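**Q** Mind looking over this structure? Questions follow.
The values are calculated or read from the model by the stated rules, or taken from the named source; none is laboratory data. Remember, it's a predicted structure, so these values are computed and weren't measured experimentally. Here the Cβ is made from the backbone with ideal geometry for all residues, glycine too, and neighbour counts use every protein chain on show.
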Amino acid sequence: SVGDGIARVYGLNEIQAGEMVEFASGVKGIALNLENENVGIVVFGSDTAIKEGDLVKRTGSIVDVPAGKAMLGRVVDALGVPIDGRGALSDHERRRVEVKAPGIIERKSVHEPMQTGLKAVDSLVPIGRGQRELIIGDRQTGKTAIAIDTILNQKNLNSRATSESETLYCVYVAIGQKRSTVAQLVQILSEANALEYSILVAATASDPAPLQFLAPYSGCAMGEYFRDNGMHALIIYDDLSKQAVAYRQMSLLLRRPPGREAFPGDVFYLHSRLLERAAKRSDQTGAGSLTALPVIETQAGDVSAYIPTNVIPITDGQICSETELFYRGIRPAINVGLSVSRVGSAAQLKAMKQVRGSSKLELAQYREVAAFAQFGS
């Protein structure tokens, strides 16, 4: 049977969990549910071309995507197929989408700064190379703007870089966004000449849920190429709330038991296995790094919802953006009181540390007095 992007296939007795399959129409899929009678397969593409009784072939491989410097400046979908109309990819290698995160021995603590170019972030919530810093806030509070500005601000640093160790490559993963938004982003990056060191992975709102679920892992595999070859990369997942919704949709259609807010039980593992792949490698393993900036959208400022409370403990701190600050004209609308960086201060530049000094304390005292001053008005 087939419907809603899920195919039930009979006769694939030897198939492995997570293996790619190919339908007679050429559409690919991935085996997620292995049951007694049949295999539950999620379809990467339109399921209208699949008919009951069609032949399904095993590929014998896990999902893999192209990676390498040939990807820079390109826009690809969740399977790594170019969608920017600029022809096929040149020389590249292929990397598995799902790989284990680096072990404890292969890692090193974060000690180099990852400059975003935003004073509020670099001074008060500093980010280091290899860190995972969550950007969280309601819709329309400038979360994407913080991420995009970070990519644009690497232009100056990258143009001054004398070696690979100083260059920062950027991967931007758009999950469930409008196509017009992605096109606008490509235009902004190309006008600022920032596409030359960036890769865009787009699983738009019109793409099937399995592709929205897969896109962050594909982007991560592309970023890991730089991390594992002694280079430095930044990856932005915009946003992981939509990935969780796509995964919930897939899981419910596969008849997996729902948990809190109807999400499946392994939605924590969905995000933890993704974000653990962002790391700073030790000198023995090439000293590369992958820094992650995942974005989470809250509803009416509710940070205690299921997905935010899952992702906050996985990451090394969060940047909280607020509607009230945004409307008061404070942009980026970062609430410095709620935003923290758990490891970044070790990576902060000496000069920035001196400037930072007591500013956090002074801001806290200001907020206290500001709240008190409102009593009189």
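**Q** Select the helices (runs of 4 or more DSSP H) contained entirely in the range 94-191, then report the ones holding at least 2 residues which are closer than 22 Å to Ser359 by Cβ and modelled with pLDDT under 95.
**A** Answer list for the range 94-191: 119-124.
**Q** Going through the range 244-278 one residue at a time, which ones are over 22 Å from the mean Cα position of the chain (by Cα), among the aliphatic types (A, V, I, L, M) and not in a helix (DSSP H, G or I)?
**A** Matches in the range 244-278: Leu254 only.
**Q** Test each condition in (1) over 16 Å from the mean Cα position of the chain (by Cα); (2) farther than 19 Å from Leu168 by Cβ; (3) at pLDDT 95 or above for Arg281 and report the one that comes out false.
**A** So the condition that Arg281 fails would be (2).
**Q** Against the definition (part of a helix (DSSP H, G or I), modelled with pLDDT of 95 or more and touching a strand residue (DSSP E or B) at 6+ places or on another chain (Cβ under 9 Å)), how does Phe226 come out, yes or no?
**A** Taking the combined requirement at face value, the residue satisfies it.
**Q** Just a yes or no: is a residue in the range 248-256 in contact with an Asp or Glu (Cβ under 6 Å, 6 or more places away or on another chain) and under 25 Å from Ser190 (Cα atoms)?
**A** Taking the range 248-256 first, the residues in contact with an Asp or Glu (Cβ under 6 Å, 6 or more places away or on another chain) are 253.
Then keep just the ones that are under 25 Å from Ser190 (Cα atoms); that gives none.
Taking every residue of the range 248-256 in turn, none turns out to be in contact with an Asp or Glu (Cβ under 6 Å, 6 or more places away or on another chain) and under 25 Å from Ser190 (Cα atoms).
**Q** Taking the condition closer than 21 Å to Ala221 by Cα and surrounded by 15 or more Cβ atoms within 10 Å (Cβ to Cβ), does Leu270 pass?
**A** yes
**Q** So, in the range 2-26, exactly how many residues are part of a loop (DSSP other than H, G, I, E, B) and at negative phi?
**A** Within the range 2-26, residues that are part of a loop (DSSP other than H, G, I, E, B) and at negative phi number 9.
**Q** Residue check: is Val295 touching a strand residue (DSSP E or B) at 6+ places or on another chain (Cβ under 6 Å), at pLDDT 95 or above and either part of a helix (DSSP H, G or I) or not assigned by TED's automatic domain parsing to the domain that holds Asp228 (or both)?
**A** no
**Q** So, one more: Mind listing whichever residues of the range 27-50 are in a loop (DSSP other than H, G, I, E, B), of a type outside the set (Val, Ile, Thr), without any contact (Cβ under 8 Å) to a residue 60 or more places away in the chain and surrounded by 11 or more Cβ atoms within 10 Å (Cβ to Cβ)? Walk me through it before giving the result.
**A** Going residue by residue through the range 27-50, those that are in a loop (DSSP other than H, G, I, E, B) are 27, 35-38, 45-46, 50.
In the following step, the residues that additionally are of a type outside the set (Val, Ile, Thr) were identified as 35-38, 45-46.
Right, trim to without any contact (Cβ under 8 Å) to a residue 60 or more places away in the chain and you get 35-38.
Of everything in the range 27-50, just one residue is in a loop (DSSP other than H, G, I, E, B), of a type outside the set (Val, Ile, Thr), without any contact (Cβ under 8 Å) to a residue 60 or more places away in the chain and surrounded by 11 or more Cβ atoms within 10 Å (Cβ to Cβ), namely Asn38.
**Q** What are the residues in the range 89-123 that are surrounded by fewer than 21 Cβ atoms within 10 Å (Cβ to Cβ) and aliphatic (A, V, I, L, M), if any?
**A** Listed by number, the residues that qualify are Leu89, Val99, Ala101, Ile104, Ile105, Leu118, Ala120.
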